1. Amide H to amide H, which residues 5 or more places from A:Ile205 or on other chains are under 5 Å from it, using H placed in the peptide plane?
2. What residues qualify as long-range amide H neighbours of A:Cys127, i.e. H under 5 Å apart, gap of 5 or more or another chain, H built at 1.01 Å from N?
3. Test of understanding: given chain B, find the longest segment containing no GluC sites (Glu not before Pro) that are in a DSSP loop and have at most 15 other Cβ atoms within 10 Å.
4. When a/c is below 1.5 the answer is rounded, else prolate if a/b is larger than b/c, else oblate, so apply that to segment B:118-233 with a ≥ b ≥ c taken from the square roots of the Cα gyration tensor eigenvalues.
5. Under a 1.4 Å probe, what is the accessible area of segment B:239-378 per residue, stated in Å²?
6. Quick one: 3J(HN,Hα) in Hz for segment A:248-263, Karplus 6.51/-1.76/1.60 with θ = phi - 60°, rounded, Gly and Pro as x.
7. Only counting protein heavy atoms at a 1.4 Å probe, give the residues of segment B:18-61, ordered by number, whose accessible area falls by 20 Å² or more when the other protein chains are present relative to the chain alone.
8. Go through segment A:54-69 residue by residue and turn each phi into a ³J(HN,Hα) via Karplus (6.51, -1.76, 1.60, θ = phi - 60°); whole Hz please, and just put x for glycine and proline.
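The values are calculated or read from the model by the stated rules, or taken from the named source; none is laboratory data. Source: prediction; values computed, not measured. Please note: Cβ atoms are built from the backbone with ideal geometry, for glycine as well, and neighbour counts cover all protein chains shown. Heavy atoms of the whole protein, side chains included, go into the accessibility calculation; ligands, DNA and RNA do not. Shrake-Rupley method; radii C 1.70, N 1.55, O 1.52, S 1.80 Å.
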Amino acid sequence: MKICVLVKEVPDAAVEKRIDPSTGRMDRSGEKNLNPYDTHAIEAAMQIKEGGAVPVEEIVAVTMGPDSAVRALHKAVSLGADRSVHLSDPAVAGSDVAATGYALAKTLQRESPDLVLLGQQSDDGECYTIGAVVAEHLGMPSLTQVIKMDVESDALRCERQAEYGYDTVQIKLPAVISVGDAINEPRYPSLKAIMGAKKKPLDAITAADAEIDASKVGGENSAAQWIAAKAPPAKAAGEIIEDEDTGETVEKIIAWLDERKLI
Amino acid sequence: MDFTEPQDSRAIRDAVRALCERFPGEYWRGLEPDRYPSEFVAALTDQGWLAALIPEEHGGSGLPLATASVILEEICASGANAGACHAQMYTMGTLLRHGSEAQKRSYLPRIAAGELRLQAFAVTEPGAGSDTTQITTRAERTADGYVVNGQKIWTSRAEHSDLMVLLARTTPIEQLEKRTGGLSVFLLDMRDRGAELTISPIKTMMNHATTEVFFEDLELPAEALIGEEGEGFGYILDGMNAERILIAAECIGDCRFFLDRAVAYANERVVFGRPIGANQGVQFPLARAHMAMSAADLVRWKAAWLYDQGLPAGAEANMAKYLASEASWEAANAALDTHGGFGFAQEYDIERKFRETRLYKTAPVNNNLVQAYVGQHVLGLPRSY
C-alpha cells in the first residue's frame, strides 16, 4: 500500500490571523508551522504502517505552497513520512479551494496512492472541504472527520464523527480520508528524525510537471473571489460587579441575566 | 549579519517544547524536594535529545554546540529543570575531543542508545573549589592502571549516572614546575563498585541531586585515562567552556520562563481598576530583564559560534554565562515581585524556578571569578585574587 498524506504550511497557532487588505488573502508573513490537523493524518498513516495489517511500501507527504512550505514537508518527514512532494509554481498561487483541490489531485495522480489522508481542516482557511474536492477529481470515495480507521485488505472500516454519535462506514480503497484530531495522539519527532528529515527525498515539481491546466488554477482563474473582509465586532467591555455583600451581588447578577432574558 | 534562526533550531524548539508539555509544573512540583526526574530524563533519552552532541557515526546526531544549546534553553523555558540532565552534554566534549577512538567506540553508541548515562563531572573538592589546581584526589599509577583515593564535592547526578568524568592528580604538585600540570582526566565506570566508591547526597535549596563522592583505593584500568596523562587541566578547561555556554542557554530559557509568566500575570491581574502591568514599577523591571536577556543571548550565540569553529572561546563563554545568569536572576526577581504573594506560592512555579536559576550565579563558576577572569585575561589588569 502506498499512502499519500496531504499537508499544509499554516501560520503558527500563536500568530494572530488577519487578512492582508492588499491581496484579500490571509497574511502569512509571520511564523509558520505544519498544520496541526495534518500531524494526525501522518500519525494515522504511521499507525497503519506499523500496525502490520497490510504492508505499507511508503508514506509520501504532499503539499502545494511557496518555497517556505518545504519546512512543513521536513516536519512531515520528521514525523515519519518516507519522502515528500512539493508542488510550487506561481501559476497556482492564490487558488481557491476548488482550484487547489484540482492541483493537488493532479499532483497525487503522479503517485497513484492507495490511500490519501489529510487533516479535517487547515488551521488557517478552515474550509474542511479540500479532501472532498481532491476525491472528486481522483474519482475516489471520500470520508470526512474520521476518528477511527481499520484496514481490511482492500477496504477501510472507519468511524466518523457525526452530530449525534458516530457513523461506522466501510469504504473501498483507493479512497481519500480526512481525519479528525480525536483519531490519535501524534508522536513527537525525535532529534534524529528532525536531523534526518533533510536527507529524505524531496521532489519539487511545477504545475507543468503535474500536467495542471493553468487556466484552472491561480487567483484569477478561481471561481471564488474575495470581495471584502470585516474584523469581528469588538467585545463589549463587560461589567464588573464588586462582591461587597454576597446577597446583593447575587441579586445584581440575577437582575443582569434577567434583563437579557438569559434566565 | 544574519540573525535569522536556522530551520534546524526552530524544529528542535518545537519538538522539545512538545515533549516538555508532557511534564508540566505539577510534575516538577511533585518531585520536590529531592526526587530525580527519571521519567523526564528517560523521555529525553528515548527521543535522542541527550545524544545531541554525539557524532552520527557513534549513534548520536552530531549537532554543533550552538544548536544543542537550544535544547537546554527550551527545556528551561518550558518551566522544566535542565539541571537534571545537562551534564551529558557538557561532559561529552571532554570525551569527544580528547578520548581515544577505542573509548568513543566503546561508550558513545551505548550512551546514545540510552544504555549508559554520563551525567557526572567530578572536579571540585572540599579544599579546592575554583582553584582547580589545588585538588588532592590522587590517581597513582600501578602496574596495570591506577588507584584513586580522595574526595569530590558538588558532583551532581552521580547517583543517576553510570559513568563519571573524573579529574585527579597523577603527579604530586610539589614535583611540578607548572601547577596546572600533573592532572589527568579519567572516565570512571561507577557500576558494580563496592566500598571503594561512596556517594552521599547533599540536600540543597533546590532539587539538583548533588552529592559528595569518596574514593578509597578505587582501581581504574589504564584504558580509563582520557587523552595524555598530566594534560587533564587543559581538557577540563575546554570542557568548561562548553559547560558555560550551555548554562548560559539554560539561563536564557529561565529568563523566557520568568518573563512569559510575569507578563501574562501583569496583563491579567487587575488592581485599582487596571492591569498591574500598566504600573511602571511593575513594567520597567520586566523591560530591563528582557533587555538584559537579549544582550546576554547575543554573547551566548557568539560564544557558541567560537566554540563550534574551534576558536578560543574562554572569554565569551565566561561572559555569556555571567550575563545570562545575572539576567535570569534579574528576571526571577522581577517575576517574583510581579506575582506578589502568589510568586511565593508553590503552585505558580515561580519560587521553584527562582531557586533553580539562582544556582547559576554561583555554579559552575562563581560570577566573581568570571569578573576576575575578564579583568585579568581580557583587560590585562593585575591578578585580583
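1. A:His86, A:Leu87, A:Ser88
2. So A:Cys127 has HN proximity to A:Ser122.
3. B:229-385
4. On the way: a/c = 1.97, a/b = 1.32, b/c = 1.49.
Verdict is oblate for segment B:118-233.
5. 43
6. 5, 4, 4, 4, 5, 5, 5, 4, 5, 5, 5, 4, 9, 6, 8, 10
7. B:Ala18, B:Arg22, B:Gln47, B:Trp49, B:Glu56, B:Gly59, B:Ser61
8. 9, x, 10, 6, 7, 10, 10, 8, 10, 9, 10, x, x, 3, 5, 5
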